């Protein structure tokens, strides 16, 4: 968790700090760290901060949050560049698939081949 937050925020986070947040020993994480935790775990920022609201983060439409997706890609592959471009491509692909639920298998296969 500490490494993932560090990769997403570009600030080194220690395992001890994460443990202190978990055990309410020190003040809860700031918004940037909460957003990183949401990107890693899928738990909503509001729920993480207050214990109120929806536990899981949800999308409000068929569109993916590109900023959040960039954070996830950066956490998965911090050594790679192009996270913004990849996030936009994934979001567009998701929208096409979400808006076309009965897409022919041949077209899906073509899309998959072109995204390799």
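Of everything in the stretch 45-55 that's farther than 15 Å from residue 72 by Cβ and touching a helix residue (DSSP H, G or I) at 6+ places or on another chain (Cβ under 8 Å), which residue is surrounded by the most Cβ atoms within 10 Å (Cβ to Cβ)? Explain how you work it out, then say what you get.
Here is the first cut: in the stretch 45-55, the residues farther than 15 Å from residue 72 by Cβ are 46-55.
Keeping just the survivors that are touching a helix residue (DSSP H, G or I) at 6+ places or on another chain (Cβ under 8 Å) gives 48-49, 52-55.
Details: 48: 20, 49: 15, 52: 9, 53: 12, 54: 10, 55: 13.
So the residue we want is 48.
Looking only at the stretch 1-27, which residues are surrounded by 14 or more Cβ atoms within 10 Å (Cβ to Cβ) and part of a loop (DSSP other than H, G, I, E, B)? Within the stretch 1-27, 1, 13 meet the criteria. Check whether at least one residue in the stretch 61-78 is exposed (fewer than 11 other Cβ atoms within 10 Å of the Cβ), at pLDDT 85 or above and not assigned by TED's automatic domain parsing to the domain that holds residue 28, and report yes or no. No, every residue in the stretch 61-78 fails to be exposed (fewer than 11 other Cβ atoms within 10 Å of the Cβ), at pLDDT 85 or above and not assigned by TED's automatic domain parsing to the domain that holds residue 28.
The number of residues in the stretch 29-44 being in a loop (DSSP other than H, G, I, E, B) and surrounded by 15 or more Cβ atoms within 10 Å (Cβ to Cβ) comes to 2.
The values are calculated or read from the model by the stated rules, or taken from the named source; none is laboratory data. Keep in mind that this is a model prediction, so the values were computed, not measured. All Cβ positions, glycine included, derive from the backbone under ideal geometry; neighbour counts span all protein chains shown.
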